Structure formats: C-alpha cells, structure tokens
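Shown next, in structure tokens, is the structure this report addresses.
The values are calculated or read from the model by the stated rules, or taken from the named source; none is laboratory data. Only a predicted model underlies this, so the values are computations on that prediction, with no experimental measurement involved. So basically every Cβ, Gly included, is an ideal-geometry build from the backbone, and we count neighbours across all protein chains shown. Keep in mind that these areas ignore ligands, DNA and RNA; they rest on the heavy atoms of the full protein, side chains included. Shrake-Rupley method; radii C 1.70, N 1.55, O 1.52, S 1.80 Å.
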Amino acid sequence: MRNVNTQVLVVGAGPVGLTAAMDLASRGVEVVVAEIRKEGEPPNVKCNHVSARSMEVFRRLGIVSKIRNAGLPADFPNDCAYRTAVVGRELTRIPIPSRSRRYVETDGPDGWWPTPEPPHRINQIYLEPLLFGCASENPRIRILSRTQVLTFEQSEGEVQAIARDLNGGEDFRITASYLVGCDGGRSIVRKLIGATFVGNPVVQRVQSTFIHAPQLRHMIAQKPAWMTMSLNPRRCGTTVAIDGEDRWLIHNHLHPEETEFDSVDRDWALRAILGVGADFSYDIISKEDWIGRRLVADRFRDRRAFICGDAAHLWIPYAGYGMNAGIADAVNLCWLLAAHLQGWAPEAFLDAYEAERQPITEQVSQFAMNHALAMMSQRRNVPIEIEADGEAGDAARATLAKAAYDLNVQQYCCGGLNFGYYYDNSPVIAYDGETPPPYTMGTFQSSTVPGARAPHFWLPDGRSLYDAFGPAYTLLRFDSRVDVSALLSAAARRRLPMTLLDAGASDDVNLYSEKLVVVRQDQHVAWKGNSCPPESDNLVDLLRGAAHSSQRTAA
C-alpha cells in the first residue's frame with residue numbers, strides 16, 4: 001500500500017483546516033491536508049464574517065491584505081439594516097464601516113476595536129478559495145484533493161490513517177505524528193476518537209436560499225447594507241448582500257412549530273422577506289437549508305488525534321462566531337503542536353488545548369443560543385401596526401427600532417467574544433489568584449490577568465504590539481531597569497523561545513499595571529509580575545508543560 005509521510009495530517013480543507021495548515025507551516029511543520037472535494041470546487045454560502053481575532057491571525061500569516069481586499073466592493077456599507085422588508089421602510093441600522101474605511105473610521109459601535117485588524121465582512125465563497133490558494137503555494141503544505149480519510153489507528157509514536165483516492169478508488173496510508181480533524185459537523189475524526197456531541201440538537205431551523213436577482217438593488221431606496229433584517233407580521237428573515245451587485249442569501253427563520261424545511265412555501269416566504277410582488281423575478285443558485293444547534297463535543301482529543309471547528313462544536317451562527325471559533329481552536333492547538341514537534345515542550349504541553357478551548361466554546365455556544373432565542377421572540381412579536389401610517393405606526397416602528405438595535409448591536413459589534421474571553425483552567429498558565437473581569441457577547445474589560453488576552457497598543461516605533469511578538473513567548477518589559485536575565489537564562493537552558501520586548505512609553509501602557517508580562521504567541525497572558533520570580537526555572541517549566549508532565553507522571 002502506498003504511504004504518505006508527514007508531521008501533521010489535517011483532515012478537511014475548509015477555512016479552519018487551511019488556517020491550521022498555514023499556521024503549522026509558518027512554524028516549520030510539514031503538513032498534509034486531506035479534502036474530499038475536488039480542487040477549486042466552490043464552498044457553500046455559509047460564513048459571512050471574519051472576526052478581528054481571525055484577521056489578526058491572517059495578519060501574522062502575511063495574507064491579511066488579500067482577504068481585506070476581497071468580498072463586497074470597497075465602498076459598500078457593511079451596515080446592518082432593520083426594515084419592514086428589504087424594499088420596505090427602514091426602522092434602524094447599525095453602522096459598520098466599509099472596508100475602504102475600516103482602518104480610519106473609529107467612531108460608531110464597531111469602530112473602537114483595540115486591534116490592528118478590525119473585522120471584515122466577506123462570504124466564504126470568496127474567503128475559502130483565497131485561503132486554499134495561499135496554502136497551496138506553501139512548500140510545507142501538501143493538499144490531497146478528492147481524498148477521504150476512512151479510518152486511523154494510533155501507536156505510541158504516530159498516527160496511521162487509511163485514505164481513499166476518490167478519483168482512482170485506490171486506498172493508501174498517511175503516516176503522521178499527529179492528526180487534526182477539521183472535517184465539519186459530520187466529522188469522521190470526532191467519531192473515531194469516541195467524542196460525542198452534547199447540548200441542544202435543534203435550536204432553530206432556517207430555510208436559506210442563495211439567489212441571483214439583478215433588479216433587487218435598484219428597488220432598494222435606502223442606503224445599501226451588508227445585512228438586512230426584515231421585521232413584519234407575515235414573515236421575518238435576513239438578507240445578506242454577497243457581492244454588492246446581484247447575488248443575495250436569504251434566511252427564512254422558521255418558527256418552532258414549522259418542523260420541516262418545506263413547512264413554509266419557499267417562494268412565498270422569500271417574497272414576503274424582500275417585500276416584492278409576483279412580478280419580481282429571480283433565479284435560485286442553491287438552497288442552503290440548515291438547523292441551528294448548540295452542541296459541544298465532550299472531548300477534543302484522543303492521544304495524537306484532535307478536533308477543531310465544527311468537528312468539535314456546532315451552534316447557531318449569531319455574532320458570526322462559528323467559523324471564527326474554529327480558527328481560534330486551530331491557532332490555539334497549532335502553536336502547542338509546533339512547540340512539541342520542535343522539541344522544547346513535552347507531550348503534556350498538548351493537554352492545554354482541551355483544557356482551554358472546550359470551556360470557551362461551551363460559553364460561546366450559550367451566548368449564541370440565548371441570543372437566538374431572544375431573536376426568535378422578537379421576530380414572533382412584531383406588532384401588526386409596524387407598516388401602518390400615522391401615529392400608531394410611527395410608535396410601533398420607533399419601539400421596535402430601539403429594541404432591534406439594542407438586541408443586535410452586541411452580536412454585530414461583538415467585542416466581548418473577540419477580546420473578553422480568557423482561559424481560567426490551563427495547566428500552562430501561571431495564575432496569581434486575581435479574578436478576570438466578566439464579559440458578555442458585546443462588552444469586555446481589557447485585562448492582564450493570566451489567561452486573558454494581552455491588551456493591544458501601538459509601540460513607539462509605530463508597530464502593533466502583536467507584530468513584535470516572538471514565535472512562542474514574549475517578555476514585555478515596561479521598565480528597562482528591571483533585570484530579567486534570570487528568566488531569559490532559564491528559558492534558554494530549557495530551549496523555550498522567549499523574546500524580550502521593551503515596550504517603551506505609550507498612552508496605552510497604563511493598561512499594564514505590572515512591569516513584566518509574559519505573553520504567549522496566541523496573545524494570551526501567561527504570567528505577570530514586577531520582577532523575575534525567585535525560581536525562574538519553575539516558571540519556565542510550567543510555561544512549557546514540564547511541570548504538568550511531572551504531575552501527570554506522578555499521578
């Protein structure tokens with residue numbers, strides 16, 4: 001049987017798998033990606049949003065400008081509008097800068113992001129081919145299209161997967177040190193590691209239709225919007241501008257009693273959401289019906305096999321944090337894998353992945369489900385007067401406008417989900433007893449509590465703090481008089497990469513109350529203090545997972 005050798009096998013070439021492959025490759029790791037689709041086969045019209053945290057990842061990988069320059073036209077407003085119908089009366093809108101204004105427009109609810117890379121609205125049909133192209137060009141990445149992983153076995157030192165060439169029918173072996181399943185909600189990897197989804201299997205059914213309708217944009221009297229929510233007593237829904245021209249994705253949010261996707265006539269619902277009559281013509285490109293769920297796997301790992309993204313968790317995609325949570329999984333796991341493969345971290349270092357990511361995805365799944373339930377209630381209770389002229393109609397529209405804005409600004413301007421979450425039970429973070437600040441979907445407080453995201457600021461030389469980070473750990477020093485030789489020497493003795501960065505003076509440095517902060521490459525605080533710890537060797541052992549390895553061996 002033919003054999004393919006690599007360091008890491010990634011199963012699935014969606015955005016999560018491709019990001020995992022590029023992240024590993026950027027750290028010198030050889031990767032094979034197995035994907036059942038043929039090369040160039042377009043993805044489904046799914047994700048429409050790349051979060052700030054994901055854009056930061058793409059910045060580090062050197063591909064952010066390609067992504068930022070794709071999607072909607074440069075000047076197309078990324079606003080979220082709320083109307084009685086797409087061509088009806090506008091109730092309110094959440095202003096979000098177009099991509100041409102993204103770096104310079106800092107007012108409004110979505111302009112204050114404390115990051116070098118604000119979010120970007122782009123549909124997966126544009127994003128995924130860009131990621132595929134970038135990954136294909138990387139000499140450390142080999143993508144095997146039309147390849148299905150059938151099963152795998154693990155030994156003490158490797159994973160052996162049996163894969164099938166779907167073009168020729170030949171089975172062959174892929175041997176790797178580690179395997180990462182990024183193969184979606186029906187993940188074979190999740191099933192083979194014995195993980196089970198736990199949660200709510202049905203939160204809401206959504207009847208989605210991707211259409212070509214050239215005349216629609218000419219019928220809209222208001223300023224264009226990236227996303228338009230229709231709120232009327234007949235049928236509520238969401239319409240997404242895919243290309244800013246003539247392609248639209250329309251979500252018909254079914255009611256709980258509408259238990260089948262064909263419970264509602266698709267054409268009738270679409271016309272009610274758009275606010276158009278029988279003379280309006282359109283062509284269906286595809287139907288993307290789906291069930292919004294809240295499911296998180298009970299385990300993310302079995303020895304040398306891991307799962308990320310939809311393979312590990314599924315939830316209704318409010319706040320656009322489905323794919324983006326998967327990308328966060330991938331970069332969390334990949335720097336841990338690379339550290340072990342590079343030889344400076346023991347295998348126990350990998351225990352941090354499940355300990356850190358599983359609780360966060362559980363939290364996010366609850367945020368998404370609770371928001372979905374609130375949205376379902378709002379759509380179900382649209383007042384009958386919403387389209388009426390006169391005082392009654394004006395009052396109904398004003399009341400619903402405020403309610404819709406207040407409810408939804410937190411999901412479309414979701415600072416908490418981007419910057420507020422923290423890892424509070426990691427074996428490789430040096431906790432000091434300080435309680436991290438709480439966060440919501442939309443709100444957070446910057447913090448240097450170990451486990452939190454290191455607050456961003458611009459360095460005196462104009463660089464982003466994150467651009468100056470080293471490949472593993474960075475020791476931020478806010479007072480150059482503090483002697484850090486003991487910590488740096490301890491790191492060098494154990495081959496732990498630690499980059500010293502003198503942060504200098506900045507108006508934003510007051511976000512950091514300690515003189516020394518150790519930050520991981522994934523931007524989370526690992527330790528803080530005003531001087532080197534008395535036993536710097538102990539801290540370094542904890543940071544590289546050696547202390548945890550000793551505890552696990554003793555147990």
*asked:* As a test, work out the antiparallel percent of DSSP beta bridges whose residues both lie in the chain, rounded to the nearest 5.
replied: 70 percent
*Of all DSSP beta bridges located in segment 1-123, what percent are antiparallel, nearest 5?*
60 percent
*Please calculate how many Å² of accessible area segment 200-244 carries per residue, with a 1.4 Å probe and no DNA, RNA or ligand atoms counted.*
33 Å²
*Quick one: compute the contact order of segment 202-306, relative version, from alpha carbon pairs under 8 angstrom and 6+ residues apart, as a percent.*
41 percent
*How large is the dipole of segment 200-333 about the Cα centre if only Lys and Arg carry +1 and Asp and Glu carry -1, each at its Cβ, rounded to the nearest 20 debye?*
500 debye
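Probe of 1.4 angstrom, ligands and nucleic acids ignored: what's the accessible area per residue over segment 1-54, in square angstrom?
I get 33 Å² per residue for segment 1-54.
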_Out of the trypsin sites (Lys or Arg not before Pro) in segment 21-102, which ones are loop residues according to DSSP with at most 13 other C-beta atoms within 10 Å?_
LYS38
*For segment 1-82, with the dipole built from +1 on Lys and Arg beta-carbon atoms and -1 on Asp and Glu ones, taken about the Cα centre, which of ASN44, SER54, PRO73 lies farthest toward the positive end?*
SER54
*What is the set of long-range amide H partners of GLY470 at a cut-off below 5 Å, with H atoms built 1.01 Å from backbone N?*
THR499
*Carbon and sulfur: what percent of segment 115-164's accessible surface (1.4 Å probe)?*
43 percent
*May I ask you to derive the FRET efficiency for THR175 and ALA374 from their Cβ-Cβ distance with R0 = 56 Å, giving the value to the nearest 0.05?*
0.70
*Rounded to the nearest 0.05, what FRET efficiency do THR440 and SER281 have when you use their Cβ-Cβ distance and R0 = 35 Å?*
0.20
*Is the shape of segment 406-472 best called rounded, prolate or oblate, per the rule: a/c under 1.5 gives rounded, else a/b larger than b/c gives prolate, else oblate, with a ≥ b ≥ c the square roots of the Cα gyration tensor eigenvalues?*
oblate
_Per residue solvent-accessible surface (Å²) - segment 349-486, probe of 1.4 Å_ = 40 Å²
*Work out the charge dipole of the chain with +1 on the Cβ of Lys and Arg and -1 on the Cβ of Asp and Glu about the Cα centre, then indicate which of GLY244, LEU539, GLY442 is farthest towards its positive end.*
LEU539
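With +1 assigned to the C-beta of every Lys and Arg and -1 to the C-beta of every Asp and Glu, and no other charges, what is the dipole magnitude of segment 374-482 about the Cα centre in debye, to the nearest 20?
That gives a dipole near 380 debye.
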*Enter the angle in degrees (range 0 to 90, nearest 10) between the Cα long axis of helix 351-380 and the first principal axis of the Cα atoms of the chain, meaning the one along which they spread out most.*
10 degrees
*asked:* Output wanted: per-residue J couplings in Hz (rounded whole) for segment 78-85, from phi through Karplus 6.51 cos²θ - 1.76 cosθ + 1.60, θ = phi - 60°, x for Gly and Pro.
replied: 8, 4, 10, 9, 10, 9, 5, 7
*³J(HN,Hα) across segment 528-544 via Karplus (A = 6.51, B = -1.76, C = 1.60, θ = phi - 60°), whole Hz, x for Gly/Pro?*
8, x, 9, 7, 4, x, x, 10, 5, 4, 5, 5, 4, 4, 5, 5, 9
_Given a 1.4 angstrom probe, I'd like the percentage of the accessible area of segment 436-545 that is carbon and sulfur, rounded to a whole number._
48 percent
*Got the relative contact order for the chain handy, in percent, Cα pairs under 8 Å and 6 or more residues apart?*
15 percent
*Which residues' amide hydrogens lie under 5 Å from the amide hydrogen of VAL180, considering only partners 5 or more residues apart or on another chain, with H built in the peptide plane?*
LEU9, VAL10, VAL11, PHE306
*Expressed as a whole percentage, what fraction of the accessible surface of segment 375-421 belongs to carbon and sulfur atoms when a 1.4 Å probe is rolled over the protein heavy atoms?*
54 percent
*asked:* Give me the extension gain from SER489 to ASP265: residue separation times 0.36 nm, minus the current Cα-Cα distance, reported in nm with one decimal.
replied: 73.7 nm
*Nearest 0.05, what FRET efficiency do ALA392 and GLU362 give at R0 = 35 Å with Cβ-Cβ as r?*
0.20
*Estimated distance in nm for a label pair at SER513 and TRP112, the labels positioned 7 Å out from Cα along Cα-to-Cβ*: 2.1 nm
*Can you tell which of VAL264, ILE307, TRP290 lies farthest toward the positive end of the dipole of segment 259-313, using +1 and -1 charges on the Cβ of basic and acidic side chains (Lys, Arg; Asp, Glu)?*
ILE307
_Anisotropy class of segment 58-140 from Cα gyration tensor, a/c 1.5 cut_ = oblate
*asked:* Placing unit charges on C-beta atoms (Lys and Arg positive, Asp and Glu negative, everything else neutral), compute the dipole magnitude of the chain about its Cα centre in debye, rounded to 20.
replied: 580 debye
